[in-house]
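Colleague: So that we are looking at the same thing, I have put the structure below in structure tokens.
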Amino acid sequence: MAYGAWGKLRQPTPAARRSGEVRCYGPPAMDGGSAGSQKPLARLFAYMRLAPGAYVLGGILTLLYAAFFQLIPLSIRDIVAAFENAPDVVGRAILWLVVASVCLALARLFSRIVMFNIGRQIEYRIRNDYFVHLQSLPQSFYLAHRTGDLMSRAVNDINSIRMFLGMGLLNLLQTPVLFAGALIVLLPVDATLTLWALGPFPLFVLITRHYSRYMFQANLAGQEQLGKVSTVVQENASGALVVKAYDLSDLERDRFEDQNQELFRRMMRVGVMQTTMFASVGLVPALSAAVVLWLGGQRVQAGQLGTEDLWLFWGLIGMLTFPTMMLGFVVSITQRGLAALERLGSVLDIVPSIRDREDVAAVSEIRGRVEFRNLTFTYPGSYVPALKGVDLTVEAGSTVGIVGPVGSGKTTLVSLVPRLLEVDDDAILIDGVDLNRMPVHLLRSSIAMVPQDSFLFSISVAENIRYGVPDVHLEEVRRAAARAQVEREIEEFEDGFDTVVGERGVTLSGGQRQRVALARAMILRPSILILDDSLSSVDHGTEEAILGDLEGRRRGRTCFIVAHRISAVRHADQIVVLENGRISERGTHRELVELGGFYARLHHRQELLSELDLGDGGAAVPEPAAGVPAPAVAGQQRLPLGEPS
């Protein structure tokens, strides 16, 4: 089922969802005053239009509830009149009261089931749309937004919207109908007393209008602070190992207490407003009851009103007390819901930028030729280009190795190939076609990328490996694990391939995580394979076995290998060295060693360390940090200083 209610404002088609991403340099500026509340309501109405039949049914049930609501005080009046004038019909009058009460309860029950169900359905649709939208956002969005805050919007803010659509909307619709019904019942009995009795109720409008001005901003501030608290909790849960390793539990506890204290302060402000408003609203029906007793009593004594009619006024005004009090609660729910819609809209309003364009190329397959033309790339919010004037051609089926100091732009370069980041037109060509005109779904389904951070989902090892092709058989999963040199270790687990890894694969070692992630890429049949320093946590022998397998299987497949180890790239068709975002050297392994530049120095340094048995038999050797010279090798120059990451 496609849920496109928000799409009436901005949502892409299902095809665009699969291929589209959005520009994400921050939420749009909002106008102050009432404009901030009109926009959320427009979004809400778009979703409400998806269920017109349910709202019609809810309206009918609300009218029935209002009718039976009026019958209760009318039945009480009949009972009082029967006691005074016709004792023999008292039983029948009481029976009618019981029947009206049962009907009222049933109408109340079913009206709430219908209206609350609508709220749940729209909550479900909004949460689905929000998740789909998050999946479409590029990396630059996640660099600017905290995970905990995004989670808070998905849970707490959408819950607030559901409360508004359920309890809030029901009472907003029901209470005016109840008051209209009361006017219809009371005006024919005594118009003067009716106007005096219902006269105080308009005060409710003035009271709620006064408080609603401040409650929207107060609720918005509280929900934003709740997002910050969620962020602290999420960061500490994900980074528990680092917190304990550095013995910073007390510092993090103080940090959480500061954020929690601010949340307490903001929510107390909301609570004080709510309590004050409820107390003020509660005076309205009390004032109305006093008017009924004072003026109604006088009219009974004067013979202008019957005793049973006074009971009617008293009963109906008393029954209107609870709906009036609930309106105070509804105002709070409404302001909280509108604030939640405001926060949710600041994400959902972000306009797509990485998606299939109108001039998308008619391409059915990708062979794998990649060309970078004078590529310059700067991250949003940064003033220093990460890549500067990169010119590089990688023929289809060939392998390119990329090395360089930390922070030289290696990961940025390969991340641009699957279009994870926004890039200028004609800066990158795939098979001669501008990257930005490539169908995004085709592009990404033709690329397998193993990033530096080997992220695993909290599912079984087998499900992680078959993540890109969920229908493959277990034997294919085993073969991919064997090619990644991790099958034997998986088999040693108690549950084998059915072992569920922890969050982000925390129950596996760094090398195991990298090899499982590599197996996830190997099980695919991509035209382009990108290995972004994906063997840094495995030993030299395992690396040689994996690279040997890749050497035999990567024919006809374009490969990008980012590495700090020379052994990982020495057999590549060409090798480029990135320094300060520029290509400073390029050629084959032999040519670069003979050139005597950065690559040659790194090669000789790693060879020397291997011969001296320093490190783990050829373990990755990081470049020197800024300001720290590399150890000199006899007959060689010192390594250049690496850039800070």
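The values are calculated or read from the model by the stated rules, or taken from the named source; none is laboratory data. Being a predicted model, the structure only gives us computed values, none of them experimental. Heads up, the Cβs are rebuilt from the backbone with ideal geometry, glycines too, and the neighbour counts pull from every protein chain shown. Heads up: the accessible areas ignore ligands, DNA and RNA and are worked out on the full protein's heavy atoms, side chains in. Shrake-Rupley method; radii C 1.70, N 1.55, O 1.52, S 1.80 Å.
Colleague: Given L443, L429, L474, which one is at negative phi and free of Cβ contacts under 8 Å to residues at least 24 places away in the same chain?
Modeller: Values: L443 fails: free of Cβ contacts under 8 Å to residues at least 24 places away in the same chain; L429 fails: free of Cβ contacts under 8 Å to residues at least 24 places away in the same chain.
The conditions single out L474.
Colleague: Regarding D247, is this residue acidic (D, E), open to solvent by 80 Å² or more (accessible area, probe 1.4 Å), part of a helix (DSSP H, G or I) and over 18 Å from M325 (Cβ atoms)? Can you show your working first?
Modeller: Values: acidic (D, E): yes; open to solvent by 80 Å² or more (accessible area, probe 1.4 Å): yes; part of a helix (DSSP H, G or I): no; over 18 Å from M325 (Cβ atoms): yes.
So D247 fails the test.
Colleague: Across the stretch 203-213, what is the total count of residues that are farther than 30 Å from W314 by Cα, free of Cβ contacts under 8 Å to residues at least 60 places away in the same chain and in contact with a helix residue (DSSP H, G or I) (Cβ under 9 Å, 6 or more places away or on another chain)? I'd like the intermediate steps shown before the answer.
Modeller: To start, the set of residues in the stretch 203-213 that are farther than 30 Å from W314 by Cα comprises 212-213.
Okay, now just the ones that are also free of Cβ contacts under 8 Å to residues at least 60 places away in the same chain, so 213.
Right, trim to in contact with a helix residue (DSSP H, G or I) (Cβ under 9 Å, 6 or more places away or on another chain) and you get none.
Qualifying residue count for the region: 0.
Colleague: If you don't mind, there's one more thing I want to ask. Please go through the stretch 66-99 and give me each residue that is within 50 Å of the chain's Cα centre (by Cα) and closer than 21 Å to L187 by Cβ, ordered by number.
Modeller: If the condition is that a residue be within 50 Å of the chain's Cα centre (by Cα) and closer than 21 Å to L187 by Cβ, then A66, A67, F68, F69, Q70, L71, I72, P73 are the ones that fit.
Colleague: Kindly list, by first and then second residue, each pair from a residue in the stretch 387-398 that is without any contact (Cβ under 8 Å) to a residue 60 or more places away in the chain to a residue that is assigned to a loop (DSSP other than H, G, I, E, B), limited to pairs with Cβ atoms under 8 Å and residues at least 6 apart or on different chains.
Modeller: Between residues of the stretch 387-398 that are without any contact (Cβ under 8 Å) to a residue 60 or more places away in the chain and residues that are assigned to a loop (DSSP other than H, G, I, E, B), the close pairs are T393/R369.
Colleague: Being of a type in the set (F, W, Y) and in contact with a helix residue (DSSP H, G or I) (Cβ under 6 Å, 6 or more places away or on another chain) is the filter here; which residues of the stretch 378-418 pass it? So that I can check it myself, show each step before the final result.
Modeller: Let us first name the residues in the stretch 378-418 that are of a type in the set (F, W, Y), namely 379, 383.
Passing the criteria: none in range.
Colleague: Please go through the stretch 257-285 and give me each residue that is open to solvent by less than 60 Å² (accessible area, probe 1.4 Å) and farther than 25 Å from Q217 by Cα, ordered by number.
Modeller: Scanning the stretch 257-285 gives V284, P285.
Colleague: Could you give every pair whose Cβ atoms fall below 7 Å, whose first residue belongs to the stretch 75-100 and is over 14 Å from D309 (Cα atoms), and whose second residue is in a loop (DSSP other than H, G, I, E, B) and at pLDDT 85 or above, counting only separations of at least 6 or pairs across chains?
Modeller: none
Colleague: Tell me which of these F457 doesn't satisfy, since it passes every other one: (1) open to solvent by less than 50 Å² (accessible area, probe 1.4 Å); (2) within 30 Å of G541 (Cβ to Cβ).
Modeller: Checking F457 against (1) open to solvent by less than 50 Å² (accessible area, probe 1.4 Å); (2) within 30 Å of G541 (Cβ to Cβ), the one that fails is (1).
Colleague: Any idea which of V400, V360 is of a type in the set (A, V, I, L, M, F, W, C) and surrounded by fewer than 18 Cβ atoms within 10 Å (Cβ to Cβ)?
Modeller: V360
Table: residues versus (1) modelled with pLDDT under 80; (2) out of contact with any helix residue (DSSP H, G or I) (no Cβ under 8 Å at 6 or more places or on another chain); (3) farther than 30 Å from I60 by Cβ; (4) surrounded by 17 or more Cβ atoms within 10 Å (Cβ to Cβ).
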position	(1), (2), (3), (4)
P176	no, yes, no, no
A182	no, no, no, yes
F201	yes, no, no, yes
M215	yes, no, yes, yes
G222	no, no, yes, yes
G227	no, no, yes, yes
L241	yes, yes, yes, no
R255	no, no, yes, no
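Colleague: Search the stretch 315-334 for residues that are in a helix (DSSP H, G or I) and pair each with any residue that is of a type in the set (S, T, Y) when their beta-carbon atoms are under 6 Å apart and the residues are at least 6 apart or on different chains.
Modeller: I317/S288; P323/T175; L327/T175; V331/T208; V331/S212
Colleague: Against the definition (open to solvent by less than 10 Å² (accessible area, probe 1.4 Å), over 30 Å from F45 (Cβ atoms) and out of contact with any strand residue (DSSP E or B) (no Cβ under 8 Å at 6 or more places or on another chain)), how does I317 come out, yes or no? Before the answer, list the steps.
Modeller: On the way: open to solvent by less than 10 Å² (accessible area, probe 1.4 Å): yes; over 30 Å from F45 (Cβ atoms): yes; out of contact with any strand residue (DSSP E or B) (no Cβ under 8 Å at 6 or more places or on another chain): yes.
Spelling it out, I317 is indeed open to solvent by less than 10 Å² (accessible area, probe 1.4 Å), over 30 Å from F45 (Cβ atoms) and out of contact with any strand residue (DSSP E or B) (no Cβ under 8 Å at 6 or more places or on another chain).
Colleague: Can you tell me which residue in the stretch 287-303 is farthest from G315 (Cα to Cα), limited to those that are of a type in the set (A, V, I, L, M, F, W, C), without any contact (Cβ under 8 Å) to a residue 60 or more places away in the chain and surrounded by fewer than 17 Cβ atoms within 10 Å (Cβ to Cβ)? Let's see the steps before the verdict.
Modeller: Step one: filter the stretch 287-303 for residues of a type in the set (A, V, I, L, M, F, W, C), giving 287, 289-295, 300, 302.
Next cut, without any contact (Cβ under 8 Å) to a residue 60 or more places away in the chain only: 289-290, 293-294, 300, 302.
Within this subset, residues satisfying the condition of being surrounded by fewer than 17 Cβ atoms within 10 Å (Cβ to Cβ) are 290, 293-294, 300, 302.
On the way: A290: 13, L293: 11, W294: 15, V300: 16, A302: 21 Å.
My answer is A302.
Colleague: Oh, and also: May I ask you to list the residues in the stretch 120-160 that are among the charged types (D, E, K, R) and surrounded by fewer than 17 Cβ atoms within 10 Å (Cβ to Cβ)? Spell out the reasoning first.
Modeller: So the first thing to find is which residues in the stretch 120-160 are among the charged types (D, E, K, R), and the list is 120, 123, 125, 127, 129, 146, 149, 153, 157.
R120, R146 - these are the residues of the stretch 120-160 that are among the charged types (D, E, K, R) and surrounded by fewer than 17 Cβ atoms within 10 Å (Cβ to Cβ).
Colleague: Any idea how many residues of the stretch 242-266 are without any contact (Cβ under 8 Å) to a residue 12 or more places away in the chain and on the phi < 0 side of the Ramachandran plot?
Modeller: In the first step, residues of the stretch 242-266 are kept if they are without any contact (Cβ under 8 Å) to a residue 12 or more places away in the chain; the result is 242-251, 253-254, 257-258, 261, 264-265.
Then drop every residue that is not on the phi < 0 side of the Ramachandran plot, which leaves 242-246, 248-251, 253-254, 257-258, 261, 264-265.
Total satisfying the criteria: 16.
Colleague: Filter the stretch 257-288 down to the residues that are modelled with pLDDT under 85 and charged (D, E, K, R) and list them by number.
Modeller: none
Colleague: Moving to a separate point now. Read through the list (1) modelled with pLDDT of 80 or more; (2) in a helix (DSSP H, G or I); (3) open to solvent by 10 Å² or more (accessible area, probe 1.4 Å); (4) not basic (K, R), then give the number of the only condition that S111 fails.
Modeller: The number of the failed condition is (3).
Colleague: Could you list, in sequence order, all residues of the stretch 524-565 that are among the β-branched types (V, I, T) and surrounded by fewer than 21 Cβ atoms within 10 Å (Cβ to Cβ)?
Modeller: Here is the first cut: in the stretch 524-565, the residues among the β-branched types (V, I, T) are 528, 530, 538, 542, 546, 558, 561-562.
Listed by number, the list holds a single entry, T542.
Colleague: Still on this structure, I have one more. Can you report the number of residues in the stretch 462-489 which are open to solvent by less than 30 Å² (accessible area, probe 1.4 Å) and in a helix (DSSP H, G or I)?
Modeller: First, pick out the residues of the stretch 462-489 that are open to solvent by less than 30 Å² (accessible area, probe 1.4 Å): 462, 464-465, 477, 480-481, 484, 486.
Pick out the ones that are also in a helix (DSSP H, G or I) and you get 462, 464-465, 477, 480-481.
Count: 6.
Colleague: If we scan the stretch 477-489, do we find a residue that is acidic (D, E) and more than 20 Å from G548 (Cβ to Cβ)?
Modeller: Restricting attention to the stretch 477-489, the residues satisfying the condition of being acidic (D, E) are 487, 489.
Narrowing further to those that are more than 20 Å from G548 (Cβ to Cβ): none.
No, there is no match, as no residue in the stretch 477-489 is acidic (D, E) and more than 20 Å from G548 (Cβ to Cβ).
Colleague: Are any residues in the stretch 424-454 under 15 Å from L524 (Cβ atoms) and either crowded, with 17+ Cβ neighbours inside 10 Å or polar (S, T, N, Q) (or both), and if so, which ones? Lay out the reasoning, then the answer.
Modeller: Within the stretch 424-454, the first condition is being under 15 Å from L524 (Cβ atoms), and the residues that meet it are 441-451.
Residues satisfying the conditions are L442, L443, R444, S445, S446, I447, A448, M449, V450, P451.
Colleague: Shifting gears a bit: If I go through the stretch 490-508 residue by residue, how many of them are outside any helix (DSSP H, G or I) and either without any contact (Cβ under 8 Å) to a residue 12 or more places away in the chain or not polar (S, T, N, Q) (or both)? Walk me through it before giving the result.
Modeller: Here is the first cut: in the stretch 490-508, the residues outside any helix (DSSP H, G or I) are 492-495, 499-502, 506-508.
Going one step further and asking which of them are either without any contact (Cβ under 8 Å) to a residue 12 or more places away in the chain or not polar (S, T, N, Q) (or both), we end up with 492-495, 500-502, 506-508.
Count: 10.
Colleague: Does M163 fit the bill of being touching a residue at least 60 places away in the same chain (Cβ under 8 Å) and surrounded by fewer than 18 Cβ atoms within 10 Å (Cβ to Cβ)? Spell out how you get there, then give the answer.
Modeller: Working: touching a residue at least 60 places away in the same chain (Cβ under 8 Å): yes; surrounded by fewer than 18 Cβ atoms within 10 Å (Cβ to Cβ): no.
No, not satisfied.
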